[in-house]
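Working notes, structure below.
The values are calculated or read from the model by the stated rules, or taken from the named source; none is laboratory data. Only a predicted model underlies this, so the values are computations on that prediction, with no experimental measurement involved. Please note: Cβ atoms are built from the backbone with ideal geometry, for glycine as well, and neighbour counts cover all protein chains shown.
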Amino acid sequence: MLHGERLLSDIRDIARGFAAQRRERQLRRELDPTDIATLKAAGLHLAAIPEAYGGYWQNARVSQRVQCQAIRLLAQGDPSLALVSSMHPGMMALWREPEAPSTGAAEWEAQRRAVFGSVVEGAWWGTITSEPGSGGDIARTKARAEPADGGYLITGEKHFGSGSGAMTHMVTTAVRQGADSPDWFFMDMRNAAWDGSNGLTLKTPWDAHGMAATNSHAFTFENYPATRLAWPGTWREVFEATGGVGSLSHTATFLGIIDAAMRHMREEFARRGQTPDTLRAFEKSEWTAAHREAALIYQCHEAAVSALERNGRARHEAALAKANIALLAESVMTRLCRISGGGAYGRSSPLGFWFEDVRAAGFLRPPWAIAAEGLYSMSWAGEPGALPL
């Protein structure tokens with residue numbers, strides 16, 4: 001990645017500062033837009049933009065690892081902010097990764113240039129695709145898109161809009177009149193009021209056990225202006241063409257939490273004056289298991305990133321990594337809380353916050369049911385990494 005070393009150095013410094021504020025940050029219930037401004041100043045938003053369009057991204061084989069490392073570092077300081085930040089590269093991949101279509105190439109290229117250009121000028125993109133009752137399945141989108149003045153007007157209910165209030169643009173899905181399946185759209189959210197005066201009404205503010213400061217609010221849209229992706233094919237073609245890069249960036253958040261939690265536990269042992277010889281048998285057993293599972297988490301993600309670097313795409317490997325990491329991260333945090341004891345229930349300990357934060361890995365993007373169906377379909381292609389006889 002162009003400027004990759006400098007970017008990681010700057011993000012590490014920022015994350016260390018956030019980690020020093022951990023107590024205060026874990027008690028937050030809202031995203032602070034000034035944090036996004038800090039990340040912009042470091043150039044994190046440009047890491048997802050192709051070099052030819054003014055960004056740092058060169059290609060998936062050489063840039064995805066740096067992208068993931070930046071998110072992972074950030075999560076050690078502030079998991080909520082890292083999760084929000086991971087949405088932006090996932091959205092940019094919708095325009096960056098698909099090959100030019102055989103028809104409509106000029107329109108597609110013009111839109112790519114406009115989207116990437118907005119980021120170079122300071123935009124930060126997020127997503128609000130989920131709908132109540134859909135189970136996270138884009139194919140079940142019920143929001144409607146009506147043509148108007150060369151664009152569209154979106155009407156429907158949406159939730160889990162991570163980064164609301166700090167994102168300049170949001171990607172969503174809706175069904176056009178007469179269409180059998182949804183399409184991708186994006187909306188300009190700059191200076192948008194949430195009182196219904198311009199078609200956007202805040203329905204339910206985000207109030208979660210984990211990832212509490214992500215502003216993942218629920219909204220009602222009524223004739224809100226939107227632009228359809230210029231891709232001439234289906235929404236699924238665009239999504240699958242991303243090759244797993246968005247999932248890997250998202251999952252990197254949870255590696256960062258495990259990094260911080262394992263380090264915290266080692267520091268807690270030192271504060272207690274505990275040594276390898278003084279831990280009780282149960283503590284030794286749980287610590288050994290947490291150590292083993294943390295290593296598996298790291299290897300799952302490394303295997304997927306390495307597959308992407310070899311092949312240019314790793315959708316199957318990324319999906320496997322996401323599911324395995326979701327299970328293992330929750331197990332690691334359970335074990336660390338057991339070792340820590342009753343103090344883990346106190347809000348002065350970061351462990352309880354991290355425990356709830358890692359649970360988001362299984363519930364979000366995509367949730368368990370959709371993730372399982374996707375893995376079942378991909379399983380018939382064989383196991384990545386298997387050695388043929």
Next item on the list: Kindly indicate whether Ala110 is within 14 Å of Glu222 (Cα to Cα), touching a residue at least 40 places away in the same chain (Cβ under 8 Å) and not basic (Lys, Arg).
Entry: no
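Residues are listed down the side, and each one gets a yes or a no for (1) touching a Phe, Trp or Tyr at 6+ places or on another chain (Cβ under 9 Å); (2) in the same structural domain as Ala139 (by TED's automatic domain parsing); (3) at pLDDT 95 or above; (4) not β-branched (Val, Ile, Thr):
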position	(1), (2), (3), (4)
Thr334	yes, no, yes, no
Cys337	yes, no, yes, yes
Gly343	no, no, no, yes
Asp357	yes, no, yes, yes
Arg365	yes, no, no, yes
Ala371	no, no, no, yes
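Conditions (1) crowded, with 19+ Cβ neighbours inside 10 Å; (2) in a helix (DSSP H, G or I); (3) more than 24 Å from the chain's Cα centre (by Cα), marked per residue:
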{"residue": "Leu328", "(1), (2), (3)": "yes, yes, no"}
{"residue": "Val332", "(1), (2), (3)": "yes, yes, no"}
{"residue": "Leu336", "(1), (2), (3)": "yes, yes, yes"}
{"residue": "Gly343", "(1), (2), (3)": "no, yes, yes"}
{"residue": "Leu351", "(1), (2), (3)": "yes, yes, no"}
{"residue": "Glu356", "(1), (2), (3)": "no, yes, no"}
{"residue": "Ala361", "(1), (2), (3)": "yes, yes, no"}
{"residue": "Leu375", "(1), (2), (3)": "no, yes, no"}
{"residue": "Gly382", "(1), (2), (3)": "no, no, yes"}
Notebook entry, point to check: Does any residue in the range 339-359 that is closer than 20 Å to Asp78 by Cβ come within less than 8 Å, Cβ to Cβ, of a residue that is of a type in the set (D, E, K, R) and not in a helix (DSSP H, G or I) six or more places away or on a different chain, and which pairs are these?
Noted result: Phe353/Arg347
Next item on the list: Among the residues of the range 19-57, write down those that are touching a strand residue (DSSP E or B) at 6+ places or on another chain (Cβ under 8 Å) and over 24 Å from Gly165 (Cβ atoms).
Entry: Pro50, Glu51, Trp57
Next item on the list: Could you figure out which of (1) under 21 Å from Ala303 (Cα atoms); (2) surrounded by fewer than 17 Cβ atoms within 10 Å (Cβ to Cβ); (3) out of contact with any Lys or Arg (no Cβ under 8 Å at 6 or more places or on another chain) isn't true of Ala321?
Entry: (2)
Notebook entry, point to check: Out of all the residues in the range 302-317, is one or more β-branched (Val, Ile, Thr), farther than 22 Å from Thr129 by Cβ and surrounded by fewer than 22 Cβ atoms within 10 Å (Cβ to Cβ)?
Noted result: no
Notebook entry, point to check: Can you name every residue in the range 124-151 that is buried (at least 20 other Cβ atoms within 10 Å of the Cβ) and within 16 Å of Thr227 (Cβ to Cβ)?
Noted result: Trp125, Gly126, Thr127, Ile128, Thr129, Ala143, Ala145
Checklist line | Residues within the range 201-219 that are assigned to a loop (DSSP other than H, G, I, E, B), in contact (Cβ under 8 Å) with a residue 40 or more places away in the chain and more than 17 Å from the chain's Cα centre (by Cα), tallied | finding: 2
Check: Is it the case that the range 335-348 has a residue that's of a type outside the set (D, E, K, R) and under 24 Å from Arg65 (Cβ atoms)?
Finding: no
Check: Yes or no: Thr253 at pLDDT 95 or above, under 27 Å from Asn59 (Cα atoms) and part of a strand (DSSP E or B)?
Finding: no
Notebook entry, point to check: Quick check: anything in the range 288-300 modelled with pLDDT under 95 and either surrounded by 18 or more Cβ atoms within 10 Å (Cβ to Cβ) or over 17 Å from the mean Cα position of the chain (by Cα) (or both)?
Noted result: no
Note to self: Out of everything in the range 152-200 that is under 18 Å from Thr141 (Cα atoms) and among the acidic types (Asp, Glu), what residue ends up being surrounded by the fewest Cβ atoms within 10 Å (Cβ to Cβ)?
What the structure shows: Asp180
